[in-house]
Amino acid sequence: MIEFSKVTKAYPDGTVAVDRLSLRAPTGKITVLVGPSGCGKTTSMRMINRLIEPTAGTITLGDRPVSDVDAVELRRQIGYVIQNAGLFPHKNVADNVMALPRLLGLGRREARTRALELLGLVGLGPQYADRYPWQLSGGQQQRVGVARALAADPPYLLMDEPFSAVDPVVRGQLQDEFLRLQREIGKTIVLVTHDIDEALKLGDQVAVLREGGRLAQCAAPAELLAQPADAFVAAFVGRDRGYRALGFTGAGDAVRPVDEPSVKLGAARAEAEAAALDGWVLVTDADLRPVGWTAADRLDGDKVTERDLNLSATTARADGTFRELLDAALSSPSGRGVVVDAEGRLAGTVSPRAVAEAIETASAVPAGDPR
Ligand code: ADP
Ligand code: MG
C-alpha cells in the first residue's frame, strides 16, 4: 500500500503544486491520478520515489515513511514508467530493459535471459532485443519502458502518462494489454493521466485532482460516474456519463438472447431469402461465428459472399456489460443485436428494447462495482 497523508508541495517560487493530499493506493490495485494539466499529478507521483521531496506531510510505502528509506533502495522497489518511455538512445532494447539489474550486479547471461522473458511479457518477441529505440514505433518503445520498469520485479509501479504519446488505436491496445498484464503480475500501481476515459478504463480507483493540487474525489470508476462529488468532478467526468456508466455494469443473466436463424458464408440465395427476418439475415463462418448481416433481397449473385455483408454490427457476450449489449443492438442494421458465446459463436440476438428493459430493472437495485 502507498499512503499520502496531508502531503503538500510548495515550490520555491510559491506555486503550491500539491495541497494537503491524503490518499491510499491499495496493494495489488491500480490507482489512477487524473486531472487537468498542472494540477500536480506528476509532482505527487515523483514524491513517492523521492525525485521530489514534500514540503509537509508523509508518504508511506507498506508501513515505512519513504523519507526513512534510502533513495536507491526505494527506487529498487518502485518501477517508473514515463511518457515517451525515456529509453537510453545508445543502448539496445535488451540493455535498456536490464540497465538497473545490471547496475545492481546481475550477470550478462542472466540479464539477457530475463530481458527476453520481460519482452515476452509485454508482447515483444526476441527479434526486438537487439534493436535500438529509434528502430521501434512509439507503442513498442512504451512497451520496452514497461518491461524496464518491471526488470527488478518491484512490488510498486509508477506510470506517468504512459500511453499519452501514441495514437488512439495503439493506445487502446496498450491499455488492454496493460490490464491483462496486471492481472498476471498484480503490482501496486499509481498511474497518472489527463484523460478521464483512460482513468475510468484502467483504474480500480480514480483520484480526481483539481488545480492547486487538491483532491476532488477518490472513488471506483462506476461510483465516480454515478455520484460525482461536486460540479468540478461532474464536469470533468463529462457528458454521456449515464451511458458510459453502463460500461461498468455486467448484465449477468439479465438479457436472454432469442434464437436467430443464420446462414453460412457461401449459402445459396434461396436459403438466405428463406432465413431472412424483416429482410435481414445473419451470416456466419463455418464455425458459426457471425461475420455480418446481409439484406437477403439485395444479394449480388446467387450465393452469399463477403461483398454482400454489412459490417456495421458489433457483437456482445450475453454476460458482457450493458453498454456492449446496447451497442450491439443499436449498431445492427437489422435492429437485432448479435450475442455470442465465450468462443465467439452465435448465441442469438437481442432487441434494443430488451436491453433497455434489463437496464431499467437492474437500475432499480443499488449499483455495485461488478469488477
Ligand atoms: P501535472 O503533472 O498535473 O500536469 P505538475 O505536477 O507537473 O502537474 O505541476 C503542478 C504545478 O506545479 C504546475 O503549476 C507547475 O507549473 C508547477 N511546477 C512543477 N514543477 C515546478 C518547479 N520545479 N518549480 C515551480 N513550479 C513547478
Ligand atoms: Mg504531468
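Coordinate-derived values only; no laboratory data. Predicted, not measured: the structure shown is a model, and the values here were computed from it. Neighbour counts are summed over all protein chains in view; Cβ atoms, including those assigned to glycine, are modelled from backbone coordinates with ideal geometry.
Percent of Cα-Cα pairs per 5 Å bin, from 0 to the last occupied bin, for region 262-361, please list those.
2, 15, 25, 23, 17, 10, 5, 2, 0, 0
For the chain, how many pairs of lysine residues have a Cα-Cα distance under 19 Å, where the two are 8 or more positions apart or belong to different chains?
Lysine pairs satisfying the spacing and distance rule in the chain number 8.
If the convex hull of the alpha-carbon atoms of region 1-122 is projected onto planes in all directions, what is the mean projected area in square nanometres?
So the mean shadow area of the Cα hull is 9.3 nm².
Using a Gaussian network model of the chain with C-alpha springs under 10 Å, which one of 48, 359, 82 is most mobile by mean-square fluctuation?
359
Where does the charge balance sit around residue 71 when Lys and Arg score +1, Asp and Glu -1, over other residues with C-beta under 15 Å from its C-beta?
Neighbourhood net charge equals +1.
Return an integer: the convex hull volume of the alpha-carbon atoms of region 137-223, in Å³ per residue.
Convex hull of Cα atoms, per residue: 105 Å³.
Percent relative contact order of the chain, based on C-alpha pairs within less than 8 angstrom and at least six residues apart?
Rounded, it is 15 percent for the chain.
Would you pull out the residues with amide H under 5 Å of residue 321's amide H, same chain only if 5 or more places away, H placed 1.01 Å from N?
251
For the Cα atoms of the chain, what angle does the longest principal axis make with the long axis of helix 138-150, in degrees from 0 to 90, nearest 10?
50 degrees
Can you tell me the orientation of helix 352-363 relative to the chain, as the angle in degrees between its alpha-carbon axis and the longest Cα principal axis, to the nearest 10?
Once rounded, one gets 40 degrees.
With angles folded into 0 to 90 degrees, how steeply does helix 168-185 sit against the dominant principal axis of the chain? Use alpha carbons for both and round to 10.
70 degrees
Given the options 168, 133, 221, state which has the largest fluctuation in a GNM of the chain using a 10 Å cut-off (strictly under) for Cα springs.
Its mean-square fluctuation being the largest, the pick is 168.
Tally Lys and Arg at +1 and Asp and Glu at -1 over the other residues with C-beta under 10 Å from the C-beta of residue 348: what net charge comes out?
Local net charge: -1.
Provide the net charge surrounding residue 92, with neighbours chosen by a C-beta distance below 14 Å and charges set as Lys +1, Arg +1, Asp -1, Glu -1.
+4
Based on other C-beta atoms within 10 Å, arrange 331, 262 from fewest to most.
Ascending number of Cβ neighbours within 10 Å: 331, 262.
Compute log10 of I(q)/I(0) for the chain with the Debye formula, placing one identical point scatterer on every Cα and leaving out solvent, at q = 0.12, 0.14 Å⁻¹, to two decimals.
-0.98, -1.14
Test of understanding: ordering 194, 90 by Cβ neighbours within 10 Å, fewest first, what list do you get?
90, 194
Got the relative contact order for region 213-371 handy, in percent, Cα pairs under 8 Å and 6 or more residues apart?
22 percent
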